[in-house]
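J.: This is the structure, below, for whatever I ask next.
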Amino acid sequence: LQKIARLVDTVEAEIQVGCPKDILAACELFAKYRGQWLKVAGLEKAEILEAGIAGRPLREPEVVAEFGAFIGYTAVRLGAAVQSRATIGVISLEVSPVHVCVSRHMLDLGWLSQVCEVKAGQAKDALPRLVEEFGGQSAGFCFMDHRGTIFHQDFGLLEKHDLFARRARFVADNTLNPGAPVFLWERLHQARPAEGPGKGVVTRCMSLTEFLAEHEDWTSVSDRDL
């Protein structure tokens, strides 16, 4: 908690309010110092994420669903990508009450609260509320960065509640380290058949270096073909 408190102090001291890029830069600068590393999707992972959402733009009334807000770093990035919308464009789910508060504060600092909302709770409880608020087939882009051992479960919940929009894109971080073996195996098993479009998912794994670390990690990008 002390590290999170120092981060908030640093961000508030360094940024121009209303500038999402300043918030991202302040978080990255903070994380460079000894004992202050943050497990966020920065640098190469951020490039993959930005290219991913640029390659699969949202269509009204679709939204981005983020699983695991942590400090709001990626929520700020995703919110900035849909900042021109007149309605909510990003829903971020987070189980930690502290991280929910910090993420909401970061969004307030970036003037992004009108397009990005952080909801408290686990996916199994929060996803039915998304259906009520936004309707079925409303998740055009999804990002998972919480706990790899349950990626496959939350992916299944999205399917169960019919939340995936047509040709939705799904990005999952840390699929090598700490790892999401069941999720990746299921995506391979669910791959689109060679004879033509079906209810399949085409998945690519991109090898990169973990944010401000030296070990390899994978970020997977999955595209549904329906």
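Values in this text are rule-based calculations from the coordinates and carry no lab data. All of these numbers come straight from a predicted model, not from anything done at the bench. Using ideal geometry, Cβ is built from the backbone for each residue, glycine included, and neighbour counts are taken over all protein chains shown.
J.: Eigenvalues of the Cα gyration tensor times 5, then square-rooted: what semi-axes does that give for the chain, in whole angstrom, largest first?
T.: 28, 20, 15
J.: Once Rh is set to the Kirkwood radius over Cα pairs, what Stokes-Einstein translational diffusion coefficient, in µm²/s, holds for region 90-196 at a temperature of 20 °C and a viscosity of 1.002 mPa s?
T.: 142 µm²/s
J.: May I pose another question? Simple spin-label model, 7 Å along Cα-to-Cβ: residue 3 to residue 207 in nm?
T.: Distance between the two pseudo-spin positions: 2.8 nm.
J.: Subtract the Cα-Cα distance of residue 33 and residue 50 from 0.36 nm times their separation in residues, and report this length gain in nm to one decimal.
T.: Contour length minus Cα-Cα distance gives 3.6 nm.
J.: Same structure again: Rounded to the nearest 0.05, what FRET efficiency do residue 111 and residue 189 have when you use their Cβ-Cβ distance and R0 = 45 Å?
T.: Taking R0 as 45 Å, the efficiency between residue 111 and residue 189 is 0.55.
J.: Given a Förster distance of 30 Å, report the FRET efficiency between residue 160 and residue 60 from their Cβ-Cβ distance, rounded to the nearest 0.05.
T.: 0.80
J.: Restricting to bridges with both residues inside the chain, how much of the DSSP beta-bridge set is antiparallel, in percent to the nearest 5?
T.: 40 percent
J.: Can you tell me the order of 4-11, 66-73, 55-62, 144-151 when each peptide is scored by its average per-residue count of other Cβ atoms within 10 angstrom, highest first?
T.: Order by mean packing, descending: 66-73, 144-151, 4-11, 55-62.
J.: Evaluate E = 1/(1 + (r/R0)^6) for residue 122 and residue 16, where r is the Cβ-Cβ distance and R0 equals 30 Å; express this FRET efficiency to the nearest 0.05.
T.: That gives a FRET efficiency of 0.30.
J.: Something else now. Quick check on the chain: helices-only [θ] at 222 nm, where DSSP H runs of length 4 and up contribute -39,500 (n - 2.57) each and the sum goes over total residues. Nearest 500, please.
T.: -12000 deg cm²/dmol
J.: Right, here's the next one. Could you sort 126-134, 103-111, 36-44 so that the peptide with the highest average Cβ count within 10 Å comes first and the rest follow in order?
T.: Per-residue Cβ counts within 10 Å, averaged per peptide and sorted highest first, yield 103-111, 36-44, 126-134.
J.: Most exposed first by the Cβ proxy, i.e. fewest other Cβ within 10 Å, how do 84, 220, 92 rank?
T.: 84, 220, 92
J.: Sticking with this structure for a sec: With the contact rule set at Cα under 8 Å and sequence spacing of 6 or more, what percent relative contact order holds for the chain?
T.: Rounded, it is 18 percent for the chain.
J.: Over all pairs of distinct alpha carbons, what does the Kirkwood formula give as the hydrodynamic radius of region 52-151, in Å?
T.: One decimal place: 13.3 Å for the Kirkwood radius.
J.: Please work out the Cα center distance from region 102-163 to region 28-65, rounded to the nearest Å.
T.: Region 102-163 and region 28-65 have Cα centres separated by 15 Å.
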